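The values are calculated or read from the model by the stated rules, or taken from the named source; none is laboratory data. Given the structure is predicted, the values throughout are model-derived calculations rather than measurements. So basically every Cβ, Gly included, is an ideal-geometry build from the backbone, and we count neighbours across all protein chains shown. Each accessible area value is taken on the protein alone, full model and side chains, heavy atoms only, with ligands, DNA and RNA left out. Shrake-Rupley method; radii C 1.70, N 1.55, O 1.52, S 1.80 Å.
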Amino acid sequence: MMELPHSSLSSPSLQLCDREGTESADSGIGDLDDLPVPQQIRISNITCDSFKISWDMDSRGRERITHYFIDLNKKENKECNKFKHKDVPTKLVAKAVPLPMMVRGHWFLSPRTEYTVSVQTAAKQPDGEYSVSQWSEIIEFCTADYSTVHLNQLLQKAEAIAARMLPFTVFYRNQEKEYFQQARDAQCCRMLPAVKDNSGSHGSPISGKLEGIFFSCNTEFNTGKPPQDSPYGPYRFQIQADVLFNRNTNIYFGDFYCMYTSYHYVIVVLAPDGSKGDAFCKGRLPALDRSNNCFLTCTEEESGSLSFHHAQDVILELIYTEPVDLSLGTVAQISGHQLMSLSTFNAKKDPSCKICNISVGR
């Protein structure tokens, strides 16, 4: 197994590798040799920051192989996620070990990112230089989303700053007037789920996949009511909290991020038990206790009524996974300003924030 250290130069089995097969004073790579060329490259066991690689080789000259050179590059993409450290090399050298071989390293592998990889075999010479084979074909693969292990690490980070809870009674959603007109005229007076954008953590499994409707429940400390300002539009749909969040609703942790500001956002998903959205979340997202978590709670009083609380020290974004009929609430114009700077639409997470990042690709 090749598990890369925090610096590829800190281990004698790993070093920089020049992509060309010519001699290099830095890499110690000599001329091309008749060593077997790796064929039929196979990538398996892909996670957000690791993968296994194997290949076939001719038997001729195999006994001379001492090392493998692996050329790993991010596929060119205008929307690509930036490396955590731009100067980290992706030309890897590993001692020849039985295949498949594990490649792991969050400092050069990012989740949900397309990569190209090729391999050559090498034989280390007595003078320290290498004889190398030709490079293999180049193949492509894509790293995976955060696993539940990574999301639980992110959850623990979020719990550490979400201390105080405030009561609330309504969920609300702000949009332009045309949005609600469209819901009335073309969607049978319903707001319909849409695929979540790519805001937040790059490895979040809900981005670009989970369908839902965004709501807010944040309140002003001095009034206990929703703020009159919004970045999303001057019209607000407002609905009693117990309509969307009750004994038949499951709640999941979705993400924790910031956008180069002191504000931190937590995404929670509300999914009616047994719904399509609930099926998506199970096994992908950490489930939260409906009445006892740090972000959004629904508790039953002695009278049988439900009471609701939200975290004050983070900005909550709620995703409800099913259609919502406009007749269940009210639509009215708000009096405040449209604060576009607070919009999180397709917002990129700050990869340098120590509060909301974990030790995997961002």
Any residue in segment 101-122 that is at pLDDT below 95, farther than 30 Å from Lys209 by Cα and open to solvent by 20 Å² or more (accessible area, probe 1.4 Å)?
no
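For segment 262-281, name all the residues that are under 21 Å from Ala194 (Cβ atoms) and part of a loop (DSSP other than H, G, I, E, B).
Residues of segment 262-281 under 21 Å from Ala194 (Cβ atoms): 265-272, 275-281.
Answer for segment 262-281, where residues must be under 21 Å from Ala194 (Cβ atoms) and part of a loop (DSSP other than H, G, I, E, B): just Ser275.
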What are the pairs, 6+ residues apart or on separate chains, where a residue within segment 279-293 that is free of Cβ contacts under 8 Å to residues at least 12 places away in the same chain and within 18 Å of Ala158 (Cα to Cα) has its Cβ under 8 Å from a residue that is open to solvent by 80 Å² or more (accessible area, probe 1.4 Å) and of a type outside the set (Phe, Trp, Tyr)?
Ser291/Glu300
Can you tell me which residues in segment 212-252 are crowded, with 17+ Cβ neighbours inside 10 Å, hydrophobic (A, V, I, L, M, F, W, C) and closer than 16 Å to Met165 by Cβ?
Cys217, Ala241, Phe245, Ile251
Hits in segment 116-168 - residues which are within 23 Å of Leu296 (Cα to Cα) and charged (D, E, K, R)
Lys157, Glu159, Arg164
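In segment 216-246, what count of residues is obtained for those that are closer than 22 Å to Ser305 by Cα, at pLDDT below 95 and of a type outside the set (Lys, Arg)? Spell out how you get there, then give the answer.
So in segment 216-246, the residues closer than 22 Å to Ser305 by Cα come out as 216-219, 224-226, 238-246.
Checking which are at pLDDT below 95 leaves us with 218-219, 224-226.
Those still in the list that are of a type outside the set (Lys, Arg) too: 218-219, 224, 226.
Looking only at that region, the number is 4.
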Could you say whether any residue in segment 214-236 is over 15 Å from Ile319 (Cα atoms) and hydrophobic (A, V, I, L, M, F, W, C)?
yes
Scope segment 286-312; condition among the hydroxyl-bearing types (Ser, Thr, Tyr) and either under 23 Å from Thr148 (Cα atoms) or modelled with pLDDT under 95 (or both); matching residues:
Ser291, Thr297, Ser303, Ser305
